[in-house]
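Structure, as structure tokens:
The values are calculated or read from the model by the stated rules, or taken from the named source; none is laboratory data. Source: prediction; values computed, not measured. Every residue, glycine among them, receives a Cβ derived from its backbone with ideal geometry; neighbour counts consider all protein chains shown.
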Amino acid sequence: MITGPAGDARQLPMRPTGAMDMLSIEGLTIALVRRNGNVSVLRNVDLAIAPGQAVGLVGESGSGKSMTALAVMRLLPRGARILSGKVLLEGQDLVDLPESEMSSVRGRIVSMISQDPLTALNPAFTIERQLTDALRAHRALVRRAARERAAELLALVGIPSPRSRLSAYPHEFSGGMRQRVAIAMAVACEPKLLIADEPTTALDVTIQAQVIALIERLRRDMNLSVLFISHNLDLVAEICDRVTVMYAGSVVEADTAEAIFRAPRHPYTRELLRCIPRLAGDAGPLPTIPGSPPRFGADLAGCPFAPRCSLAETRCRSEAPRLRTENERRLSCWVAP
Amino acid sequence: MSASPLLELVDIRKTYRLRAGLLARLLGREPAFDALGGITLSVLPGEVFGLVGESGSGKSTLAKIIARLLAPTAGSVVYRGEQVTALEGRALLPYRRRVQMIFQDSHSSLNPRKRIGRILGEALAARGVSRASRGRETEHLLETVGLGRFMLGRYPHELSGGQRQRVSIARSLAMEPELLIADEPVSSLDVSLQGQIINLLMQLCRNLGLTLIFISHDLAVVKRISSRIMVIYAGRIVECGPPDTLLNAPAHPYTQALIDALPKGIAGRDRQRRGRDAAPSATEAKPSGCPFLPRCARALAICGSRFPETMQLAENHSVACHFAAGAASASAKGIEQEG
């Protein structure tokens, strides 16, 4: 366990040995099944979230972040199939769970918010209807009680005059307010795990800060576990206890947030961190990672990052590195120390 | 400012009429929304002018007015000393050629049914390049934006986001423009690719002597590349100045809020733990007042009733804020008394 230099004030939820993880993904491999063969999208992904912990999942688009989230929700796109691995939610494997049971898991134990809250909200129904649907299904609340709870939820996510806003439609809210409504829906049945897939990417920075503060507050008050998916590393650093970095469908590095940001070891993690535009940065060309991530289905002999890696050796191009484990760190690289 | 400006906007206003009920229409009281409330600015040749603001602030409306894709409700657009506000039809074509726009979403700005070679070829044809030399010029354009000639036969959907944005840039260069307006050109790209596209734009500006208006909500990027930054809020200029001044000594509370809102990485963890201090006054301003009032922590009584006039704080630094103006005149008085 690595703590900050000034003594870490926050109680980092530690994983007591033997205690069950909220979520544990083990060796998850997913492929798109096509007529002319399988296209691999996730390879052997491991990820664990302890109760109350926030884990960040970062990587470029196409790295498999969202696919991982959708696998947990069991909402994989048509054609995507879990070839091997486990998705253990409180110890229960979701991979082969019948759909009828899965639908009682969604919303009640795990729920998800996405980048675009408009896709989560039905434009034809009032906010009340959408909030109470889940409550009446999972909690068997009668209409009046559900309405009360819905108003409470809107207040919880910081929507002014919640009672009168219940009868509003999604289009009457601004982007930030919609995301708050989507969050209210997601936490309506007090799930234990919230998956936030790029929840603030479509929002302005000032609104982003508010939504992040909201997620952080809910996490504290409701002891939520959070899987926070983002390509914004600075944001991940602010709120996550642990970080998993993915590249081309594989985990390349995972550790505590402190360790990842203060002492990154995988060349890809280092490059990603170097690319964040900073206010303190000098004028002049922005740092970049040359090349682009491999396309889906590209033949990946060796390390997928090798073609863009300045440290790559002959071995990196021919043989895929295995995920090494040292204390809290997971690292998949031949050359990184 | 010695060089004469390339582009001048004088008191640009844009009002959108909103749909009104029958009664309101009969009474002639149609509700309207002021997207831009009097924007005056000038852009120097060869400059990278950064335009920052949140969604709904009027950034894109302003960009479209400059590109003459939208007509302003009032005010004038002056290019190289010539009025272009009222130009229509054929008379507008030379201006359209010199001022090119690059959009955020290259997916929707490139025709999905045309190959890249044809997309670029059509742009060249529009400039009047002969059929015979189009092939060579197309390849040259691709080379300029760092793409190979193998792109010619591809369709937009076959390209990655970064490659598509390069094609959009190549298409705008086909017109041999003088002024590029890039409206959030990298917002939909990954960080690792953002740098590539921005560096390309900067390199083009240098090598081809282009002027760039760069619109973004990312202060860190804008700061890095711009010679001047203008912050707009609710259709008004709230602050304008050189990047270092604006970011190290922001005068407007909104500029400060933008800086504070940027994620701070590992250093921001304490802030999250403490919770953010947000004490906005939450008072509604009259339409004549400062639009930032409801979110402002430094609001004065006057802010609710009168929009602050733009005040020059230094040669290149201006702000429209009653509080900042008060602070500036107080410190000026202090200096006088000391002297």
Of the residues B:Pro31, B:Pro72, B:Pro45, B:Pro5, which single one is in contact with a strand residue (DSSP E or B) (Cβ under 8 Å, 6 or more places away or on another chain) and buried (at least 19 other Cβ atoms within 10 Å of the Cβ)? B:Pro72
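Can you give me the number of residues within region A:312-329 that are part of a helix (DSSP H, G or I) and buried (at least 16 other Cβ atoms within 10 Å of the Cβ)?
Residues in region A:312-329 being part of a helix (DSSP H, G or I) and buried (at least 16 other Cβ atoms within 10 Å of the Cβ): 1 in total.
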Kindly evaluate B:Ser42 against the criterion of being over 29 Å from B:Gly128 (Cβ atoms), free of Cβ contacts under 8 Å to residues at least 60 places away in the same chain and out of contact with any Lys or Arg (no Cβ under 8 Å at 6 or more places or on another chain). yes
Quick one: which helices (runs of 4 or more DSSP H) sit completely within region B:6-111 and have at least 3 residues that are polar (S, T, N, Q)? B:106-109
Go through region B:181-202 residue by residue and tally those that are among the polar types (S, T, N, Q) and at pLDDT below 90. 4
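Per-residue answers, yes or no, for (1) in contact with a helix residue (DSSP H, G or I) (Cβ under 6 Å, 6 or more places away or on another chain); (2) at pLDDT 90 or above; (3) within 14 Å of chain B (Cβ to nearest Cβ):
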{"site": "A:Ala186", "(1), (2), (3)": "no, yes, no"}
{"site": "A:Lys192", "(1), (2), (3)": "no, yes, no"}
{"site": "A:Val205", "(1), (2), (3)": "yes, no, yes"}
{"site": "A:Gln208", "(1), (2), (3)": "no, no, yes"}
{"site": "A:Arg219", "(1), (2), (3)": "no, yes, yes"}
{"site": "A:Ser225", "(1), (2), (3)": "no, yes, no"}
{"site": "A:Asp234", "(1), (2), (3)": "yes, no, yes"}
{"site": "A:Val245", "(1), (2), (3)": "yes, yes, yes"}
Is at least one residue of region A:318-328 without any contact (Cβ under 8 Å) to a residue 12 or more places away in the chain and among the small types (Gly, Ala, Ser)? no
Could you tell me whether any residue of region B:106-124 is among the hydroxyl-bearing types (Ser, Thr, Tyr) and surrounded by 15 or more Cβ atoms within 10 Å (Cβ to Cβ)? yes
Mind checking which residues of region A:247-256 are β-branched (Val, Ile, Thr) and out of contact with any helix residue (DSSP H, G or I) (no Cβ under 9 Å at 6 or more places or on another chain)? A:Val251, A:Thr256
Any chance you could count how many residues in region A:194-203 are surrounded by fewer than 24 Cβ atoms within 10 Å (Cβ to Cβ), closer than 26 Å to A:Ala263 by Cα and away from chain B (no Cβ under 12 Å)? 1
Going through A:Val95, A:Val72 one at a time, which residue ends up being under 23 Å from A:Met20 (Cα atoms) and in a loop (DSSP other than H, G, I, E, B)? A:Val95
Search result, residues across region B:291-307 that are more than 10 Å from B:Phe323 (Cα to Cα) and either touching a His at 6+ places or on another chain (Cβ under 7 Å) or in contact (Cβ under 8 Å) with a residue 60 or more places away in the chain (or both): B:Phe307
Step by step: first the residues of region B:136-186, then only those that are under 20 Å from the mean Cα position of the chain (by Cα) and within 14 Å of chain A (Cβ to nearest Cβ), then the one that is surrounded by the most Cβ atoms within 10 Å (Cβ to Cβ). Which residue is that? B:Gln165
Taking the stated definitions as given, is B:Leu36 touching a strand residue (DSSP E or B) at 6+ places or on another chain (Cβ under 9 Å), hydrophobic (A, V, I, L, M, F, W, C) and either exposed (fewer than 13 other Cβ atoms within 10 Å of the Cβ) or farther than 30 Å from B:Arg224 by Cα (or both)? no
For A:Ala213, indicate whether it is more than 30 Å from B:Gln203 (Cα to Cα), at the interface with chain B (Cβ under 10 Å from one of its Cβ atoms) and modelled with pLDDT under 90. yes
Top-ranked residue in region A:122-154 [being of a type outside the set (Lys, Arg) and at pLDDT below 90; ranked as farthest from A:Arg108 (Cα to Cα)]: A:Val142
